[in-house]
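Undergrad: Please see the structure below; I have some questions.
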Amino acid sequence: MQLTRLFYFLRGYLVITVSGRYPERFLNVCAGRHIFIWNTFSCSRHLIRCCISIRGFRLLPPIARKTGVHIKIIEKRGLPIWLNHAKKRKLFLTGLLLCLLFTVLINQFVWKMEIVGCEKLSVTYIKEQLAECGLKVGAFRPRIDEKKIQTKMLLAVPELAWLWVDKTGSKVSIQVKERVMPPDIFDPHDFCHLIASKDGVIDSMVIKNGEPVISLGDTVRKGDLLVSGLILSEKGVDPRQVQSEGSVYARVWYEETKAFSLWVPKTTETGNISKKTTLHLFGLNIPFYRNPSPQYTEFSTTTSERELSLFGYHLGIGLSTVKYAELHTDYEKSTVDSTVESGARKLLSAIDEITPPDATCTNSRWEYTVLDEDTVEVTVIAEYLENIAEKVRIEK
């Protein structure tokens, strides 16, 4: 059905009204003679509105006389109708052709670059390296070889594990994947000890190879020997040098202290809003404002972007709007207990971020000291169970 309508659009069609005592008879006769009519709409009991092709309209006079209806042309649509009008407006047609030619020409250059996937590496650094490889704003798009750029970037930036370049009109999207650095690889014949990476109290051990020199419940300091790779024999045999393997779990304590104010800020929007719009035109940024700084002391920002595209292809023209909403902050004094509880949760969250992923919090407690009538100091002590064994290579 959609293809049929597209076909009639290319050949041209008419919007007509059919009025009479029995307009439905008119539709039935047209259907019986295989005359395609679409977008049929009943305006009243004796009036309908519909669309018909130009060729089908020429077959309607005998049907209209037979069914006793009156047909009226409301509108002419379609490509032939439009071209017929355009012939009378040569300047408009010439301008349209020049505009299409300009759009096709401009679309052959890169006007926008979008980089996705950067975590440790900065977007600016990636753009600088891409520019050295020949990909930058203003580059001629047909000359861009994606495979060569990928190869050059992987050689120039060792931190990258993967890079993909996607060209869509004058917009280029670059997706990157940063390399995960492998851990230290030990040769099976290396001579290694296990030492303590942190202070703690030994809770449990799983030793696969080596001679443990500590026991459960022992207190160790950072750098102490936990499992020796030198295995001695009581039978007079020469000592063996092995690579120690295993896990040593210890109870490790973390302590964080911070002062918190009893005055809690309450931020609300005043309703005052200012907008700053920038036109992005073929790699140039044209601001529609004088002062780039917002006129408010406290504010929140919201950024929206709109791009001009044709059939999904970016044309190098876009608008970005930054909306500044003014904020007003009032302060309310909270109770000591509420401030201590909130501060303790923040400190526990901060401690949890610096612990290893496999560490488990087994116990925590906090205490506080009132410094003055507006400030309280909170101290959090958290106990974690974690593997503190660190493998160290020893020269034989």
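Undergrad: Using a Gaussian network for the chain with springs between C-alpha atoms less than 10 Å apart, which of these wobbles most: P142, P239, P294?
TA: P239
Undergrad: For W38, enumerate residues with amide H under 5 Å from its amide H, sequence gap 5+ or separate chain, H modeled in the peptide plane.
TA: Result for W38 returns C51.
Undergrad: How much accessible area per residue does the chain have, in Å², with a 1.4 Å probe?
TA: 66 Å²
Undergrad: For a distance above 18 Å, tell me the whole-number percent of Cα pairs in the range 95-175 that qualify. Walk me through the numbers on the way to the answer.
TA: Working: 1342 of 3240 pairs.
Result: 41 percent of Cα pairs exceed 18 Å.
Undergrad: Continuing with this model, one more query. Give the separation of the Cα centroids, the range 89-133 to the range 325-396, in Å.
TA: Using only Cα atoms to place each centre, the spacing works out to 49 Å.
Undergrad: Using alpha carbons only, how many degrees (0 to 90, rounded to 10) separate the axis of helix 146-156 from the longest principal axis of the chain?
TA: Its long axis makes an angle of about 20 degrees.
Undergrad: Follow-up question, since we're still on this one. Can you show me the helix-derived [θ] at 222 nm for the chain, built from DSSP H runs with n ≥ 4 at -39,500 (n - 2.57) apiece and divided by the number of residues, rounded to the nearest 500.
TA: So the calculated ellipticity at 222 nm is -7500 deg cm²/dmol.
Undergrad: Also, quick follow-up: What is the percent carbon and sulfur in the accessible area of the chain, measuring with a 1.4 Å probe over the protein chains and ignoring ligands? Please report the intermediate quantities before stating the final value.
TA: Working: 14100 of 26210 Å².
C and S atoms contribute 54 percent here.
Undergrad: What is the helix-to-structure angle for 23-32, meaning the angle in degrees between its Cα long axis and the longest Cα principal axis of the chain, kept from 0 to 90 and rounded to the nearest 10?
TA: The helix 23-32 is inclined about 80 degrees to the chain.
Undergrad: While we're looking at this one, here's another question. I'm spelling it out carefully: the read-out is Rg and Dmax of the Cα atoms in Å, the candidates are (i) 21.2, 67; (ii) 22.3, 78; (iii) 38.3, 124, and one was derived from this structure. Which label?
TA: Looking at Rg and Dmax of the Cα atoms in Å for this model, the match is (iii).
Undergrad: So, one more: To make sure I understand the rule: partners must be lysines, Cα under 24 Å from the Cα of K177, and not fewer than 8 residues away in the same chain. Which ones qualify?
TA: K112, K120, K127, K136, K147, K148, K152, K167
Undergrad: Could you tell me which trypsin sites (Lys or Arg not before Pro) in the range 43-107 are loop residues by DSSP with no more than 16 other beta carbons within 10 angstrom of their beta carbon?
TA: Here the trypsin sites (Lys or Arg not before Pro) that fit, given the DSSP loop and packing criteria, are R45, R58, K88, R89.
Undergrad: Turning to a different aspect of this structure: For the range 1-79, take N as its residue count and report Rg(C-alpha) divided by 2.2 N^0.38 Å.
TA: Details: Rg = 11.9 Å, N = 79, 2.2 N^0.38 = 11.6 Å.
Here the answer is 1.03, to two decimals.
Undergrad: To test your reading of the geometry: what angle, between 0 and 90 degrees and rounded to tens, separates the Cα axis of helix 2-11 from the longest principal axis of the chain?
TA: The helix 2-11 is inclined about 50 degrees to the chain.
Undergrad: If all Cα-Cα distances of the range 40-119 are sorted into 10 Å bins from 0 onward, what percent lands in each bin, rounded to whole numbers?
TA: Answer for the range 40-119: a P(r) of 12, 25, 18, 17, 15, 10, 3, 1 percent.
Undergrad: Could you pull out every one of the aspartates and glutamates with an alpha carbon less than 15 Å from that of K276, ignoring same-chain neighbours closer than 8 positions?
TA: Filter leaves E305, E326.
Undergrad: Run down the lysines and flag those whose C-alpha is under 24 Å from the C-alpha of K346, throwing out any fewer than 8 positions away in its chain.
TA: K198, K258, K266, K333
The values are calculated or read from the model by the stated rules, or taken from the named source; none is laboratory data. On a predicted model such as this, the values are computed, not experimentally measured, just so you know. As a convention, Cβ positions derive from the backbone with ideal geometry for all residues, glycine included, and neighbour counts pool all protein chains shown. Just the protein is used for accessible areas: all its heavy atoms, side chains included, with ligands, DNA and RNA removed. Shrake-Rupley method; radii C 1.70, N 1.55, O 1.52, S 1.80 Å.
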